[in-house]
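Structure, as structure tokens:
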Amino acid sequence: MPDRIKLEASWLEKLESEFQRPYFQDLRTFLKSEKAGGKVIYPPGTEIFSALDHTPFAQVKVVILGQDPYHGPGQAHGLCFSVRQGVPPPPSLLNIFAELHNDLGISKPAHGDLSAWADQGVLLLNAVLTVERGMAGSHQNKGWEAFTDAIIDVLNREREHLVFLLWGGYARKKGSRIDRNRHLVLECGHPSPLSANKGHWFGNRHFSKANAYLVANGKTPVNWSL
């Protein structure tokens, strides 16, 4: 993590106090120690907060909550489930694209970069924002969960009529923080093959349901095409 936090201005205003809290100081110490020890951390430091940088606070319409970043070389770039153009889409993302086709008839994109969603107001937020190369879940319980709880809390408290898409048990636990009278919360299994092939993913129609709710509340729907 960079020594000086660089963050989109509206999010910095909302979250500045978090950076001073003991848990965040401990998290920074942990990350610096890991890097000093020669461990490779994903995503690169300048992209850790990409989800917030792409989607300013007032522009958030939909929140998709992931678990932690992809842990393969060149995959993670700070947006949950997304990979850069030129990087083959991982299985979870392919299942997302398959449901997108089933739900809205959108053809499988030629790439896995979801930046176009983020730039329309879809906050692509992982619960944990870093990971060690090749070690899934390696940065869980180091402090990131408290930070992303703070993000969800301020959205829940200060915004209205957002859509939260909670995919998998890890994301659904976060959902307990959300006022369901104020926002739409849609839950299902994780799009990973293990969950999806057991019938916990396909047929959720979350993309069309999200857009219907946005339109009903006077907001522009998301163009889910890439």
Quiz item: Angle, helix 91-104 long axis vs. longest principal axis of the chain, Cα atoms, 0 to 90°, nearest 10?
Solution: 30 degrees
Exercise. Return a whole-number percent for the relative contact order of the chain, with Cα pairs under 8 Å and 6 or more residues apart as the contact set.
Key: 23 percent
Quiz item: Of Tyr170, Ser33, Gly105, which is farthest on the positive side of the dipole of segment 30-178, counting Cα position, with +1 on Lys and Arg Cβ, -1 on Asp and Glu Cβ, and the Cα centre as origin?
Solution: Ser33
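Given charges of +1 on the Cβ of Lys and Arg and -1 on the Cβ of Asp and Glu, with all other atoms neutral, how large is the dipole of segment 158-199 about its Cα centre, in debye to the nearest 20? Mind dumping the intermediate values first?
Numbers: 8 positive and 4 negative charges, 33 e Å.
The dipole of segment 158-199 has a size of about 160 debye.
Magnitude of the Cβ-charge dipole of the chain, K/R +1 and D/E -1, about the Cα centre, nearest 20 debye? Let's see the in-between values first.
Values: 25 positive and 22 negative charges, 68 e Å.
That gives the chain a dipole magnitude of about 320 debye.
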Practice problem: Could you let me know the centre-to-centre spacing of segment 162-226 and segment 40-117, using Cα atoms, in angstrom? | Solution: 15 Å
Quiz prompt | Nearest 10 degrees, 0 to 90: helix 206-216 Cα axis against the chain principal axis | solution = 80 degrees
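Given axes a ≥ b ≥ c from the Cα gyration tensor, I'd like to know whether the chain is rounded (a/c under 1.5), prolate (a/b larger than b/c) or oblate.
On the way: a/c = 1.72, a/b = 1.26, b/c = 1.37.
Taking the square roots of the gyration eigenvalues as a ≥ b ≥ c, the chain is oblate.
Per DSSP H run of at least 4 residues, take -39500 (n - 2.57); add these up for the chain, divide by its residues and hand me the 222 nm value, nearest 500 deg cm²/dmol. Don't skip to the answer; put the middle values down first.
On the way: 8 runs with 77 residues, N = 226.
That calculation yields -10000 deg cm²/dmol at 222 nm.
Name the shape class, rounded, prolate or oblate, that the alpha-carbon gyration tensor gives for segment 1-112, where a ≥ b ≥ c are the square roots of its eigenvalues, rounded holds for a/c under 1.5, and otherwise prolate holds if a/b is larger than b/c and oblate otherwise. Could you put the intermediate results ahead of the total?
Values: a/c = 2.73, a/b = 1.51, b/c = 1.80.
Taking the square roots of the gyration eigenvalues as a ≥ b ≥ c, segment 1-112 is oblate.
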Quiz prompt | Normalised contact order of segment 63-195, rounded percent, pairs of Cα under 8 Å and 6 or more residues apart | solution = 30 percent
Quiz item: Toward the positive end of the charge dipole of the chain, about the Cα centre and with charges on Cβ (Lys, Arg +1; Asp, Glu -1), which of Leu125, Gln59, Gln20 goes farthest?
Solution: Leu125
Quiz prompt | GNM flexibility winner over the chain from Ala58, Ala210, Ala76 (Cα, springs under 10 Å) | solution = Ala58
Quiz item: Across segment 162-178, in residue order, what do the Karplus-derived ³J(HN,Hα) couplings come to in whole Hz, using 6.51 cos²θ - 1.76 cosθ + 1.60 with θ = phi - 60° and x for Gly and Pro?
Solution: 8, 10, 10, 9, 10, 10, x, x, 5, 5, 5, 4, 5, x, 5, 7, 9
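No lab work stands behind these numbers, since they all come straight from the coordinates. Since we're looking at a predicted model, the values are computed, not measured. Every residue, glycine among them, receives a Cβ derived from its backbone with ideal geometry; neighbour counts consider all protein chains shown.
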